[in-house]
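Everything below concerns the one structure shown next.
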Amino acid sequence: MTIGILTAGGDCPGLNAAIRGVVTRARADNVDVVGIEEGWQGLIENRARPLDRDDVRGIISTGGTILGTSRMDPYIHGDGASSVAGCLSDNGIDTLIVIGGDGSLRTAVRLQNEGLSIVGIPKTIDNDIGGTDVSLGFHTAVQIVTDAIDRLTTTAEAHNRVMVVEVMGRTSGWIAALAGLAGGAEAVLVPEEAVDYAELAKRLTARHESGHDYSIVVVAEGIPDPGGAGSAAGVDRYGFERLGGVAYGVAAELERLTTYEARVMALGYLQRGGSPTAFDRILGSRFGVKAAELAMSRESGLMVALRGDSIVTVDLADACNEVRQLDLGRYEEASWFFA
């Protein structure tokens, strides 16, 4: 048999570890692996290449993806399963392993319903995929944001400023909450919780008047803009909405309410780049091995997931049913440390 593998949607640290896991496990049983280039775009355009052990040596510590990725979608930019059938047939692919976020995995479910054999691997720094405790890439993103907060704290203190740090989180505040806690932020604003700016300004003012005359406020990109302008920053070349910039509205509002100088740091793609942490290297490797074993057993319609410390399988469609939002219990735990 032949296993196909692609990475779709936004990149994140740990993708290469997962690719390496799939190839290493499959080739151990002499099963062929074909890598699809540039995500769904490569599947539509029939751009594929064989992958062997030598192709994945030394990539576990590398960020990004050796296969490339894109936000093209076969249902938006093609004709669904019929637009990818040629690539699958020409390369003899029996099962396709899709390493993707919630959007890419929902597309995978639709292809599965049209008769394709699919196994999913959850990856997104937003950590908003259902069915798994942690998605690939999240751990590294939290570490990157925490490191950035550590650096910003020293300059905020030196200049007596409020620093508003914008992080990714379209519909969930996982990165903001956990990195805010780890970085010692004074406040965290997430999509799951309404923001009382008057109360927040009061807390920041009390903090500054007590002698701590700087503050770090972490903001998830998906929260409503207090100025009413919204956080959308146009659309990308595939027609999908781009978020970013809500922190500028937050900074202006806090500056108005407190009279303290506020500055913005939007971390953007920095959160998705660079070398994965040891956790994501291990998780990607384990996800890849399990996905390869599922494919070799000719099982499909499943997603690998982390539950506790165990790699398990869940129904792919069930995992994509709804966004995994921030656990408000976790947010409440973190909030004890805010201002």
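Output the qualifying pairs, or none if there are none: Cβ atoms under 7 angstrom, residues six or more apart or on different chains, first residue in region 203-220 and within 18 Å of Glu193 (Cβ to Cβ), second residue of a type in the set (Val, Ile, Thr) and assigned to a loop (DSSP other than H, G, I, E, B).
Sorted first by the residue in region 203-220, then by its partner, the pairs are Ala220/Val190.
If I ask for residues that are closer than 29 Å to Pro191 by Cα and either free of Cβ contacts under 8 Å to residues at least 40 places away in the same chain or surrounded by fewer than 20 Cβ atoms within 10 Å (Cβ to Cβ) (or both), which ones from region 287-310 would you list?
Leu306, Arg307, Gly308, Asp309
Take the conditions closer than 20 Å to Phe138 by Cβ, over 17 Å from the mean Cα position of the chain (by Cα) and assigned to a helix (DSSP H, G or I) and apply them to Ala182. Does it pass?
Here the answer is yes, as Ala182 does meet what is asked.
Checking the conditions here, which among Leu43, Leu67 is modelled with pLDDT of 95 or more and in a helix (DSSP H, G or I)?
Values: Leu67 fails: in a helix (DSSP H, G or I).
Sole residue among the options that is modelled with pLDDT of 95 or more and in a helix (DSSP H, G or I): Leu43.
Within region 225-248, work out how many residues are more than 19 Å from Gly180 (Cα to Cα) and either part of a strand (DSSP E or B) or modelled with pLDDT of 85 or more (or both).
Here is the first cut: in region 225-248, the residues more than 19 Å from Gly180 (Cα to Cα) are 225-243.
Remaining after also requiring either part of a strand (DSSP E or B) or modelled with pLDDT of 85 or more (or both): 225-226, 232-235, 241-243.
Final tally of qualifying residues: 9.
Go over the candidates Gly115, Gly103, Gly130 one by one and state the one that is assigned to a helix (DSSP H, G or I) and touching a residue at least 24 places away in the same chain (Cβ under 8 Å).
Of the residues listed, the single one that is assigned to a helix (DSSP H, G or I) and touching a residue at least 24 places away in the same chain (Cβ under 8 Å) is Gly103.
The values are calculated or read from the model by the stated rules, or taken from the named source; none is laboratory data. Model, not experiment: these values are computed from the prediction. Note that we place each Cβ from the backbone using ideal geometry, even for glycine, and neighbour counts take in every protein chain shown.
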